[in-house]
Amino acid sequence: MDERPGGIRGLGRALASTARARAERRGEQPRRSSDAQVGRLRLSWTLLVVTSLVVVGAVALAPSIGLLLEQRRTIADLQQQVDDQQQAVDDLGEQVARWDDPAYIEAQARDRLFYVYPGETAYVVIDDRGPAESIDAAPTFTTDLVESQGDWVQTGIASIVLAGLTDADADELAAGTPLEPR
């Protein structure tokens with residue numbers, strides 16, 4: 001390095017001596033330039049150590065935090081499932097409570113098992129057409145206007161009167177036997 005008085009080292013010594021002189025005038029102990037540098041180094045080493053500890057802590061805790069968030073999502077999903085199942089249990093409890101009512105039991109026996117009281121007559125209407133016949137025989141619908149072939153009021157009244165007053169079989173009625181008064 002340059003040892004001449006005008007060189008860089010000489011400048012540093014001159015500044016240090018000026019700082020020492022000012023400190024002596026104030027009555028302070030003069031600081032050596034090496035003390036100031038050590039203090040700066042200590043600060044920067046401390047900052048470096050703290051920063052590295054923070055980075056290492058963040059890297060170490062990142063997977064744990066991710067796992068924590070995933071577990072919270074799983075817990076929320078499971079809690080939702082528990083709530084849904086609890087609602088289902090409550091609904092089933094209400095259904096069981098209904099079976100304690102004799103009127104409900106009677107209604108279920110009539111609807112599901114076709115039970116009747118003695119003296120009553122039960123009628124079961126069964127569609128005698130097969131599924132293929134029902135689809136083929138189904139009328140096609142159109143948006144075109146079509147003129148009716150008769151008076152719908154007269155046809156409705158005739159149907160009611162026919163159903164109430166006739167002794168004819170269903171086959172005769174289907175054949176179109178006219179209404180005959182009694």
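A few comments on the model shown:
- Per residue, in Å², the accessible surface of region 62-125 once ligands and nucleic acids are set aside, probe 1.4 Å: 90
- Using heavy atoms of the protein chains and a probe of 1.4 Å, the accessible area assigned to D84 is about 90 Å².
- Under the simplified labelling scheme, the L69-Q81 pair shows an inter-label distance of 2.3 nm, with each label point 7 Å from Cα along Cα→Cβ.
- Cα→Cβ-extended label distance, 7 Å offset, between V50 and Y104, nm: 7.0
- Once both labels are positioned 7 Å from their Cα atoms along Cα-to-Cβ, the gap between F114 and D90 label points is 3.9 nm.
- Ranking by accessible area, most exposed first, for W152, W99 with a 1.4 Å probe: W152, W99
The values are calculated or read from the model by the stated rules, or taken from the named source; none is laboratory data. A quick note: this is a predicted structure, and the numbers were derived from the prediction, not measured. Please note: Cβ atoms are built from the backbone with ideal geometry, for glycine as well, and neighbour counts cover all protein chains shown. SASA here: full protein model, heavy atoms, side chains in, ligands and nucleic acids out. Shrake-Rupley method; radii C 1.70, N 1.55, O 1.52, S 1.80 Å.
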